Amino acid sequence: MNATARPPIDELLITLKSQLAAPGASLLPLLAVMSRFSRYSLANQMLIYAQRPTASHVLGYRSWLKAGYQVRNGEHGIAIYAPMRFTREDPDTLEVNTRTGFKVAYVFDLAQVDPLAGTDTSAFATHFADSRDAELAIHRLHAFLFGHNVELEYRHLTPGLMGYTDGRRITCSLGQPAPVEFTTLAHETTHVLLHFPTDGSTRPDLVTRETEAEAVAYLLSTQLGLAGTEASVDYIKSYRGTPDTLDASLERIRSTAQRLATELDAIKLDGPTRVADSLT
């Protein structure tokens, strides 16, 4: 089954990338799926989006049973790539060599299963963020920047300008609502991480830089359930790159958002003080 299933989903990815790279295509629907499946590979995020863009939480058939849910009869699984290790013994040296390959596996969305009697369904309840979540996210991002020797200042900026960076310092406009402030800081932090190369490589063009920064900011804000993310979606609403740049950009977006989410979550705060508090 896996041998015959692999070519169709390979083709599915090729077709999807072609559609996403069309001039003016919106990346927002894909990014919404990426935000919900941040720990998946880019290929699997795209496969979930292509087959079930409304998916919120996916597990394999047996994993759903262990969680207390039964996949409903007639539901079709979502095909993804699952890693597997292959071992082979060299007949001459008797050395055992291992390599990682991929097979096609099927997962099911929460909307395709029913809870078994007695199952506690609170694990999959929707979390709604409030202003405290935004404030905490800002505190953690402040700590991240401090830990990476990036200066941060708050100033009154020209109306419409929310922030900017030169790669060493981020300047953020005062007076932004907390969710928008977090999105602005995440946007500028992405520029710092991705768009000021120190290895002599060529700096991406403006469209690529803004698309990647807005996409990472959108992913992080959406993962946190923060309102106000519409402040930073102009470029990702209408893709202006090329098919050649799309795949590389999406992988940079995915990996940067995952890195930031992981590091921010690991930051332990002890009575943090916001930089902006001393300036207002």
Subject >> Those lysines that a straight Cα-Cα span of less than 30 Å connects to residue 103, excepting residues fewer than 8 apart in one chain >> reply: 17, 66
**OP:** Might you report the magnitude of the Cβ-based charge dipole of the range 131-279 about its Cα centre, with Lys and Arg at +1 and Asp and Glu at -1, to the nearest 20 debye?
**Re:** 120 debye
Original post:
Distance in nm between label sites at residue 234 and residue 62, each 7 Å beyond Cα in the beta-carbon direction?
Top reply: 5.2 nm
Original post:
Under a plain spin-label model, where a point goes 7 Å from the Cα along Cα-to-Cβ, how far apart in nm are residue 263 and residue 161?
Top reply: 2.7 nm
Original post:
Of 123, 213, 178, which is the most mobile in a GNM of the chain whose springs link Cα atoms less than 10 angstrom apart?
Top reply: 123
**OP:** Provide the percentage of antiparallel DSSP beta bridges, counting only those with both residues in the range 131-279; round to the nearest 5.
**Re:** 40 percent
Original post:
In percent, what relative contact order does the chain have, based on Cα pairs under 8 Å that are 6 or more apart in sequence?
Top reply: 22 percent
**OP:** Compute the Cα gyration tensor for the range 2-124, then decide on rounded, prolate or oblate, letting a ≥ b ≥ c be the square roots of its eigenvalues: rounded whenever a/c is under 1.5, prolate when a/b is larger than b/c in the other cases, and oblate in all that remain.
**Re:** oblate
Subject >> Contour minus Cα-Cα distance for residue 26 and residue 149 (0.36 nm per residue) >> reply: 40.8 nm
Subject >> aspartates and glutamates with Cα under 18 Å of residue 268, excluding same-chain neighbours fewer than 8 positions away >> reply: 133, 135
**OP:** State, to one decimal in nm, how far the label point of residue 110 lies from the label point of residue 168, with both points 7 Å from Cα in the Cβ direction.
**Re:** 4.6 nm
**OP:** State the extension gain, in nm to one decimal, for the chain segment bounded by residue 76 and residue 43, taking 0.36 nm per residue of separation less the distance between their alpha-carbons.
**Re:** 9.9 nm
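All of the numbers you see were taken from the coordinates with simple rules; none came from a lab. These figures come from a predicted structure and were not determined experimentally. Ideal geometry is used to build each Cβ from the backbone, glycine not excepted, and the neighbour counts take in all protein chains shown.
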